[in-house]
Each structure stands twice: as C-alpha cells, then as structure tokens.
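Here the structure comes first, spelled out in structure tokens, and everything after it is commentary.
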Amino acid sequence: MIESIKENWGLLKRSGSNIIKFELAYKLAAIAITVPLLVLILNLGMKIANIRYLTNGYIIKALTNPFVIMLIIFAICLIVTYCIFEMSYLVVAFETSRRGYEASVKDCLYNSYKRLKNNFKLKHFPLFFVYLLAISFVNVVVFINMIFTETNSTLFKIYVINNKWWVKLIIVLVLLAIYALIISGIFTANIHILEEKKFSTSYKLSCKIVRKHIFKVLANVLVYNLLVALALLLIYIVITFVLVLGVKILDMAYLGSTMYLSVLRTIKVIFNVLWMLISIPASFTMISNMYYSFVDSDYINFDYVDIEEGSDRKNELIYRIILASSTILCILYVALSFNDNPFERVAIFHETQVTAHRGDSNKAPENTLSAFSAAIDDLADCIELDIQMTSDGVLVVMHDSSLYRTTGLNKNVSEVTYEEIQQLDAGSWFSEEFAGEKVPTLEEVLQLVQGKIDLNIEIKTNNTRYEIAQQLVELLEKYNMVNRSVVTSFDYASLQAVKSFNEDVQVGYILSMAYGDFYNMDDIDFFSVNASFLSKRTVDAIHNSGKMVYAWTVNSSSSVVNLTNKGVDCIITDDPVMAKEAVYSRDTSDTILSMIKYVFNS
C-alpha cells in the first residue's frame, strides 16, 4: 500500500511542474468559460421547452423536445471533449517525463492536440464515454458522496433494501458485470492516446493486462478509495471537533445542530467541487502508474514532436495572461452567483430558505427589535415583519390593526401619532424581561438588519396603500435593501403600487387558500400560501409559471421536511432553528443526526 502511494507520488512529482501549470490554467478556464456556457444551454433548453422551473415532473417534457435533446447532446459533447483533452495531456506529460524529455507545457499541449485530432473521430466518440465511466468507477467514494441525498437514499431503500432477495441478487450481479467491463478497460485511454492504436485494439489490450494483474488492479483501486474516504472522514472529524468546542465555549448548544448541519452541507459541496476538479489527474496518475508497472515500457511506441518555441519569458507571459484572465472571470462569476444563483430555477439545485415569522417570536415579543436580533442570532435567512402607517405618516412595525393585544392601548395604529406609539410598552405582554420594549419603526429595523439578513415586509391593508408603498420603496433604496427585501400583502393593489415606484422590488401575493388559475399574474414575483393548501401539483404549477412559492406558517419539523420535499422555496416559521435543522437534515443519515442531537443535547 505505502509502496503504491510512493510510486503514484513519484510519477506525479516527475511531471509536477507541467501538470500543475496546465491543471491550474485549464480548470480556471473551464470554470470561466464552460460553466457559463452550460448555464446558457440550460436556460435555452428550458425556454425552448417552455419550462420556467425545472422539477422532476417536467424532466420528461423537456427530454421529449428534439431541440432540447440536441442541446443536451451538445452539452455532453462539450464535457466529454473537455475531459478527454485533459486525459490526453496527462498521458503525454507522464510519458515525456518518463522518457526524460525537456518538454514544456507548450510541447505537451501540442502533442496532446495532435493525438486528440488524430483519434477524435465521429465513430470513436461514443467510445470515449468508456474513459469517463472508468474514471467514475475508480472514484467510487466520491461518486457515492456526490449522489447521496435523502431522495436517493429513500429510493435505494424502497427498490433495493426492501425488495425480494432475487431482485437484490440480480441488481448486484448486473452492477458487478458493468464494473468488470469498465475496469477491464481501465488502461484503454493510455494505450489509445499514447500509442494511437484503434479503440477496439486498445480495449482488448487493456483487458489482457487487467486479467493478468486483476488482484493488483483491484487492490490499487481499493487503496485509492480508502485514502479518499479517510481524507473525507478526517475533514468531518476536524469540523466536528471545532464546532462542538466552539458551541460549548460560546454556550450556543441550542444552535449546535443547525450550525453543524449547515457546515456539513457546505463542506460536502466544497469537497465535491474540489474533487471534481482533481479526480481526473489524481485517479489517472494511479491508472498510469499501474500501466507503466504492468507493461514493458521499452516497447511503447510514442511519436513525440518537439515544436519550435519562442523565448521562455514570452511563454511565461502568455501563460500568466491566460491564468490571470481566467482567475478574474472565475471571481466575477462566483461573485455574481452569490446574488443571482444561475440554477435558481432548477429544483435539485435550489435550497429552501427559512424566514423567521415576526422575528423569533418564541424568544422575544413579536415584531420588535429584540425578536429581530434573535432571528439574526438564530441564523435565519430572512425576517418577516408587518408594517402600518401612523396618523402622522410614519411606518411602524405592527401586525394587528389594533394596538391592544401587544401594548394594551385600545386604538388602531392609523388613529395615533408616532409620538403616542413611542410611549407604549410592546414587551411586557410577552414577559417582564422585555418590559419597556418599543414598537419599532421600519427605518429602525432597516438600520438594525442592514447587510445581516433579508427582509420579508408585509403591507397591512388600509386606505393609505400608495403613501405606504412610496415611503417603503424610498426607505429600501436609502438603505440599499432593494435586492435583500421582498414585499408581500393580501392586498393586490398595494403590491401594484410598490411596483409602480420601483419595478426591481420583488413582490409576493399572500393567499389563505390556493385554488384555480391564480398563478398567472404577470406583475407578481412569488406567492405566499397557507401551507395547508400546498400540494406538490400546486407547487409545480406555480414554479412552471416562473414564480416562487413561500409557505406559512410552519411550526413542525415533519411539515418543514414535507414542504421542502415538495419544492417550496421558503418556509415561514415561528421557530427558525427547528426549521433550519429540518431543512439541513434531509441529506444527512439518521445515524449522524442521532449523534448530533446527543452531542448538542437537542
């Protein structure tokens, strides 16, 4: 095992400079160019298929459209070409290093291109998938880690674990047969690209090598995957230790599970992205090292062309320009993605957000600065609050039209001045701890939350809707919160008024019931619907109209999971910590969840 690791490291080290330079520039260029191109293909395909939000139910509709099929084939060809050229470069880099040639990145690029051009024929193209399948089958741990979700886990239990014994046996035998076919051709790429033999000949030679060294091949693949699994396990252990220690020191056990699951999801995404970038060079190094150890390298027929090059200084300058340009484009792309997720309209890439209903109203009196501060501390994605206008034209935060329930004054908000409201106690009704808590103005709330959390601002219906809309938009613009706020109301005219002052403000129509063809309202960006009336069909219909779905008010973890599985975009809840934990737990095994709850006493 250790000897195998040393040999793999030695092969990589000998070719290190060329491979690192190439991989760095190639991967950055791929992210900067290929990813936006794939996003463009995705959006174009959805537009052609007349699908505004891609859910599982609309995948069949998309796949039956001939233009979409053509776009998918083009996207697959793009990915295959990208991967094959990378493998071609690695083959050339390893071989030139083994032979002791003084080959530069430019030399390796030219010889890789030459081989790719000679072998990249239409009749060979479907066979290139064998290369990619071989890489996928070698990276078993990564593949399983990437596809593990609550949905896939449930499907696996239903159709495999809980099935009849003979069905399980057939599935196992089929998987083993496929694995045997793919692993038998593990050296096909080396032979086909390096010696430029026909694909069928290369595959047969690979099978011959594997049969002769079957146990060594399987052992190397096993060791490689064990190392990857160990690396992943160590990352999780370190993260767990740091989080548990931090939570205990800061006395934040109530947030422990949510924080851990949040970080766990982030780490999983980062790991998957990083391993997607390095899986080909990492696994192909192992494959190439096995190939060299199993064959007589003196008989490898390698046709190398040493090209005329400019000065080293000029080549280095060109490389730095490409690297810098790709890096800048990547940074811009990532920065833009934070504000506008390019996969927002694809269900499997969309993450359900959690909104704290009137702040964290379980820990502090509703619609107060204390409740909003608690929601920020709870790591909620958004705060929902209600606004009304006083008799002297000040926007204050209050749910009921009457002030009686939360302040004891039996008058409506619209009947009193802001000065009168300042004298009221909005906290004592909740507990003595919050005695003296004031009714906040919307401006005070914006000053508190600016840059910390998003807002969902509900306009309460009254005859001053246009004055409220105008002042609301002015405040959002003043505090640069237009892109971090949404406005909702039961009153359609209030939402139209908001749009008339600023079309960029996202507005949502609140519905107590969801019946009929209500979702085709062009000037509405999303619907906030009573959770009891949200079926999967309703959610999909709203999504396919190009709009998002908010659900209110959801206060049980089972309901949160159920609505998240239906594809709801945002959960409005009185308990944001519970909701965040429920959303994050969907892609985590029951064993880990039990461990987390034990550690954090939740």
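No value in this document is a laboratory result; all are computed from the given coordinates. Note that the structure is predicted; figures quoted are calculated from it, not measured. Methodologically, a virtual Cβ is constructed for each residue, glycine included, from the backbone with ideal geometry; neighbour enumeration extends over all protein chains shown.
Before moving on, here are some points about what is shown:
- Centroid-to-centroid, using Cα positions, the range 382-423 and the range 158-198 are 68 Å apart.
- Counting neighbouring beta carbons within 10 Å and listing from fewest to most, the residues L232, L169 come out as L169, L232.
- Whole-number D in µm²/s for the range 427-546 (Stokes-Einstein; Kirkwood sum over Cα pairs; 37 °C, 0.692 mPa s): 206
- Too-long pairs where the Cα-Cα distance tops 28 Å, listed order kept, from K452/K536; K452/K547; K536/K580; K547/K580; K268/K580: K452/K536
- Here the Karplus curve 6.51 cos²θ - 1.76 cosθ + 1.60, taken at θ = phi - 60°, turns the phi angles of the range 423-429 into couplings of 7, 7, 9, 9, x, 4, 4 Hz, with x standing for Gly and Pro.
- Interchain or long-range residues, amide H under 5 Å from Q506's placed H: V487
- Rg over Rh, two decimals, the range 385-441 (C-alpha only, Kirkwood Rh): 0.94
- In sequence order, calculated HN-Hα J values of the range 566-574 (Karplus, 6.51, -1.76, 1.60; Hz; x Gly/Pro): 6, x, 4, 7, 8, 9, 9, 9, 7
- Shape of the range 353-599, Cα gyration tensor, a/c cut at 1.5: oblate
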